[in-house]
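Below you'll find the structure, written out as structure tokens, and then a few comments.
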Amino acid sequence: MKRAVLLLAVLGASQAALAAGSAEKGKTAYAQHGCWQCHGFAGQGGITGPKLAPDPMPLEALLAFVRNTRGAMPPYQKAILSDADLADIHAYLQSLPKARDYKSIPLLNP
Ligand code: HEC
């Protein structure tokens with residue numbers, strides 16, 4: 001988690017207005033704002049929304065999408081979900097581990 005926050009801080013250097021996100025707070029915000037209902041608790045997708053993690057899109061793209069979506073996903077206004085909350089959600093999505101390489105799982109390699 002620390003690594004994700006650090007990475008976010010480095011990547012986010014260009015957007016000084018946004019404080020670095022907290023994966024821990026992001027996990028709560030992700031649950032409270034109902035992202036899980038369509039994207040799954042681990043951002044795995046497959047309910048009605050696509051996969052968001054691991055390897056989420058950059059924070060700038062996430063912010064632009066969530067504010068302006070006109071498709072099947074409802075847009076979230078700043079009054080409901082702040083940029084800081086979205087930065088936390090991004091940090092949470094970034095903190096989720098990748099699946100193991102199947103080659104490292106003996107049962108899958110008879
Ligand atoms: C009502 C169901 C629903 C909820 C709730 C929802 N989403 Fe989505 N989301 C979708 C669907 C469906 C799409 C694909 C729609 C599209 O591309 O227009 C999507 C797409 C996205 C994408 C773009 C993914 C990509 O790879 O293009 C992001 C990022 C995203 N959602 C983030 C969020 C976040 C963060 C939340 C919570 C604040 C959230 N969503 C809540 C249904 C939902």
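The values are calculated or read from the model by the stated rules, or taken from the named source; none is laboratory data. Quick caveat, the model's predicted, so the values are computed rather than measured. Positions of Cβ are backbone-derived with ideal geometry, glycine not excepted, and every protein chain shown enters the neighbour counts. Calculation scope for accessible area: heavy atoms of the full protein, side chains included, ligands and nucleic acids excluded. Shrake-Rupley method; radii C 1.70, N 1.55, O 1.52, S 1.80 Å.
Name the residues in the stretch 89-110 that are touching a Phe, Trp or Tyr at 6+ places or on another chain (Cβ under 8 Å) and either over 21 Å from I47 (Cβ atoms) or open to solvent by 50 Å² or more (accessible area, probe 1.4 Å) (or both), would you?
L108, N109
Check every one of the helices (runs of 4 or more DSSP H) wholly within the stretch 25-110 and list those with 1 or more residues that are away from the ligand (no atom under 12 Å from the Cβ).
Working: elements: 35-39, 59-68, 83-95.
The helices (runs of 4 or more DSSP H) meeting that bar are 83-95.
Among the candidates L18, L63, L7, which residue alone is modelled with pLDDT of 90 or more and either among the acidic types (D, E) or under 19 Å from D83 (Cα atoms) (or both)? Step through it out loud before you land on a result.
Working: L18 fails: modelled with pLDDT of 90 or more; L7 fails: modelled with pLDDT of 90 or more.
Answer to the selection: L63.
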